[in-house]
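Okay, so here's the structure we're looking at.
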Amino acid sequence: MVIVGDDPASRVYVNNKKKACAECGIYSEEYALPEETTQEELLSLIDTLNKKSDISGILVQLPVPKHIDETTIINAIDPKKDVDAFHPINVGKIMVGNFDFVPCTPAGVMELIKESGIEISGKECVVVGRSNIVGKPQAMLLLHQNGTVTICHSRTKDLKEHTKKADILVVAVGIPNFVTGDMIKEGAVVIDVGINRLENKKLCGDVEFESAEKVAGAITPVPGGVGPMTIAMLMKNTVKAAELNKTHK
Ligand code: GUN
């Protein structure tokens, strides 16, 4: 795990990932670099970790400071060690449907749906958000399971018209309480990927839980819904990476 700078949310995420590794018996190393680290220094560390035979998976916590180009960093990670599945090789594999790693958050959402016995095939699936980390891969994973998928975003006209049709609604926009109960179809499965910190320091999701739970057939809370699943999927990807990299030793 590599963390650059001292973003408090990133610090919490990395601590949680480190703790999960310890609980699973996965050996981990943390590289906490100062805010002023140069892109060259970060690339040099990634190169070292790419070559290190006792390291199977590399995760650079995002966001990186503004003077570092995120794409350059993602592209530098060995795709076989890319446990986040952010490298374009892994993104392409997800698109084609023949992948080793699945991005952790969308994978966690799929696992929640599967474990709850919810059928995806033929269902109206609406993803609100189009980020590379969640929205886009989420849409692909739902499509691979034969969902009828719509991706909505900040420029979508009449968002409610789309969300109201969703049998499965995944919200990942990063805006507190963005989706309200009146935007949800009766009995829909609502999965809230957002983690927002309000001014009163409380955490809340992208879905207004109070109004949404009255209409939804199933709904995930924030915190405690998708978040722990993301970390569990990271552990799964790390074990996969260890298997893939066995030949490195
Ligand atoms: N920042 C927010 N989510 C993620 C994630 O899943 N992986 C990494 N590396 N950084 C993130």
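Residue 131 meets all of the listed conditions (1) within 15 Å of the ligand (Cβ to nearest atom); (2) surrounded by 18 or more Cβ atoms within 10 Å (Cβ to Cβ); (3) in a loop (DSSP other than H, G, I, E, B) but one, namely (2). Here residue 39 clears all of (1) within 14 Å of the ligand (Cβ to nearest atom); (2) surrounded by 12 or more Cβ atoms within 10 Å (Cβ to Cβ) except the condition numbered (1).
Number of residues in the range 74-106 that are in a helix (DSSP H, G or I) and within 10 Å of the ligand (Cβ to nearest atom) equals 4. Within the range 218-249, how many residues turn out to be in contact with a Ser or Thr (Cβ under 8 Å, 6 or more places away or on another chain), hydrophobic (A, V, I, L, M, F, W, C) and assigned to a loop (DSSP other than H, G, I, E, B)? Within the range 218-249, residues that are in contact with a Ser or Thr (Cβ under 8 Å, 6 or more places away or on another chain), hydrophobic (A, V, I, L, M, F, W, C) and assigned to a loop (DSSP other than H, G, I, E, B) number 0. Taking residues in the range 226-249 that are modelled with pLDDT of 95 or more, and partners anywhere that are among the polar types (S, T, N, Q) and buried (at least 16 other Cβ atoms within 10 Å of the Cβ), the pairs with Cβ atoms closer than 6 Å and at least 6 places apart or on different chains are 226/220; 230/105; 241/56; 242/56. Residue 149 is checked against (1) more than 14 Å from the ligand (Cβ to nearest atom); (2) buried (at least 23 other Cβ atoms within 10 Å of the Cβ) and fails just one. What number does that condition carry? With (1) more than 14 Å from the ligand (Cβ to nearest atom); (2) buried (at least 23 other Cβ atoms within 10 Å of the Cβ) applied to residue 149, the lone miss is (2). Looking across the range 38-53 at every residue that is assigned to a helix (DSSP H, G or I) and of a type in the set (S, T, N, Q), the one that is farthest from residue 243 (Cα to Cα) is identified as 39. In the range 69-85, the residues that are over 13 Å from residue 133 (Cα atoms) and touching a residue at least 60 places away in the same chain (Cβ under 8 Å) never reach a residue that is crowded, with 19+ Cβ neighbours inside 10 Å and of a type in the set (D, E, K, R) with C-beta atoms less than 6 angstrom apart, at least six apart or across chains. Scanning the range 1-36 for residues that are of a type in the set (Gly, Ala, Ser) and outside any helix (DSSP H, G or I), we see that the one that is farthest from the ligand (Cβ to nearest atom) is 25. Filtered by the rule that a residue be touching a Lys or Arg at 6+ places or on another chain (Cβ under 9 Å) and assigned to a strand (DSSP E or B), the range 182-200 gives a lone residue, 189.
The values are calculated or read from the model by the stated rules, or taken from the named source; none is laboratory data. Just so you know, these numbers come straight off a predicted model, no measurement behind them. Neighbour counts run over all protein chains shown; Cβ positions are idealised from the backbone, glycine included.
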